[in-house]
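This report concerns only the one structure given below.
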Amino acid sequence: MERPARPEGLGDLHIGRLAARAPAMGGAFVALAGGETGFLPDSDGAKGHTEGDWLRVAITRAAQGGKGPRLASRPAPEPVSGPPRLLSRGPDAPLRLAGQYPDAPLLTDSATTAARLRAALGKERVTLSPTPVFDDEVEAAFDELAGPDVALPGGGRLSIHPTPALVAIDVDAGSLAGGRDAGAHLALNRRAVFEVARQIRLRHLAGAILVDMAGLPMARRKALLPAMQEAAAADPDLRVVGITGLGLIELQRRRVRTPLHEVLGQPTSALTRGLAALRRGLRQARPGARLVLKAHPAVCAALQDWPGALQDFVAQAGPLQLRPDPLCLPGEEDIYAE
């Protein structure tokens, strides 16, 4: 869901300096710590300030496409001044989920993570597991999210393809394709709209989203809009726009967090493949065993460059030898005891 070594910053609180007004854009650019620049809209606190003013701001939308993060002004208990600096980090994924599900226990296989979560949430709610908590079912769910295809209950599938301009989602009728049972086609598409909304949330998809339903004339496609609106109602960031001239259901979702395909890389990045192999290694680690990871040199280099990745693995599973193999194709990374 996220890379803890390089957090996207959502919810971070900063002291920044208003670097330049941007009247045409309805806001101002604010210099933050580390040389980063964020955009503060007039409606979120830039109005009335001039260049050089110091402001207390929070990140409300992650950076995207070379653009800096979106900011909002936060009242300061006292006058603020420089230099630009980070005051506090926003909650990471475990803490956000803990807030969403206040009665759910938290299970972790990392002693460091357990200590941090216990300090924030209390000892009773956090359990340190002696075995990996990401089992085969969880890993299979991640594998599905990393790919374009999603099986639909009762048959058929979704194909999800993000592009720089929009996200295209195609509903494939599977065995029903070419059939004359109009009722079966409509039932398939009704199931599909709820899975579309679910996948949009799970993958943090954003921007313009077009959905091509399976095997329906225009009138029946319009009849699916109420079901799509019902499915979208659980997501405050998702809006059903309507039907395009080509019969595509048009959605729009406000971007807040980095979409999962950007985190993972598209196609899946060398780092993502390496981290997945390390998770497999944790599940098969045994006391005293020495593990070997055979992978493409790019995968090995990505793990060596990523802060803490190999160190965290060794702390939990013991020694690991990287064995670069230029003939190892993506998806063929192998981790084994030697």
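A few notes on this one:
- Dipole size of the chain about its Cα centre, with +1 on Lys/Arg Cβ and -1 on Asp/Glu Cβ: approximately 680 debye, rounded to the nearest 20.
- In the chain, the portion of solvent-accessible area held by carbon and sulfur atoms comes to 55 percent [1.4 Å probe, whole percent, DNA, RNA and ligands not counted].
- Along the axis of the charge dipole computed for the stretch 128-224 (Cβ charges of +1 for Lys and Arg, -1 for Asp and Glu, origin at the Cα centre), the listed residues Phe194, Gly215, Leu152 are led at the positive end by Gly215.
- For the chain, averaging the sequence separation of C-alpha pairs within contact (under 8 Å, six or more residues apart) and dividing by the residue count gives a relative contact order of 12 percent.
- Only one residue of Val57, Pro79, Pro23 has its Cα farthest out toward the positive end of the dipole of the stretch 1-119, where Lys and Arg carry +1 and Asp and Glu -1 on Cβ, and that residue is Pro23.
- The share of Cα pairs per 5 Å bin across the stretch 92-134, counted from zero up to the longest distance, runs 6, 25, 37, 24, 8, 0 percent.
- Using the 1.4 Å probe convention, the accessible area of the stretch 180-338 works out to 50 Å² per residue with neighbouring protein chains retained.
- Whole-number accessible area per residue in Å² for the stretch 7-84, which is evaluated in the context of all protein chains at 1.4 Å: 50
- DSSP-loop trypsin sites (Lys or Arg not before Pro) across the stretch 48-144, with at most 16 other Cβ within 10 angstrom: Arg89
- Gap separating the Cα centres of the stretch 20-64 and the stretch 126-141, nearest whole Å: 41
- Contact order normalised by residue count of the stretch 177-313, Cα under 8 Å, 6+ apart, percent: 21
- Convex hull per residue volume in Å³, alpha carbons only, for the stretch 115-173: 157
- Probing with 1.4 Å while keeping every protein chain in the model, the per residue accessible area of the stretch 97-171 equals 61 Å².
- Gain in span if fully extended, Asp305 to Ala115, counting 0.36 nm per residue against the direct Cα distance: 65.8 nm
- For the stretch 124-133, the Karplus equation 6.51 cos²θ - 1.76 cosθ + 1.60, evaluated at θ = phi - 60°, returns couplings of 5, 8, 10, 10, 8, 8, x, 10, x, 8 Hz by residue, with Gly and Pro reported as x.
The values are calculated or read from the model by the stated rules, or taken from the named source; none is laboratory data. A quick note: this is a predicted structure, and the numbers were derived from the prediction, not measured. Ideal geometry is used to build each Cβ from the backbone, glycine not excepted, and the neighbour counts take in all protein chains shown. SASA here: full protein model, heavy atoms, side chains in, ligands and nucleic acids out. Shrake-Rupley method; radii C 1.70, N 1.55, O 1.52, S 1.80 Å.
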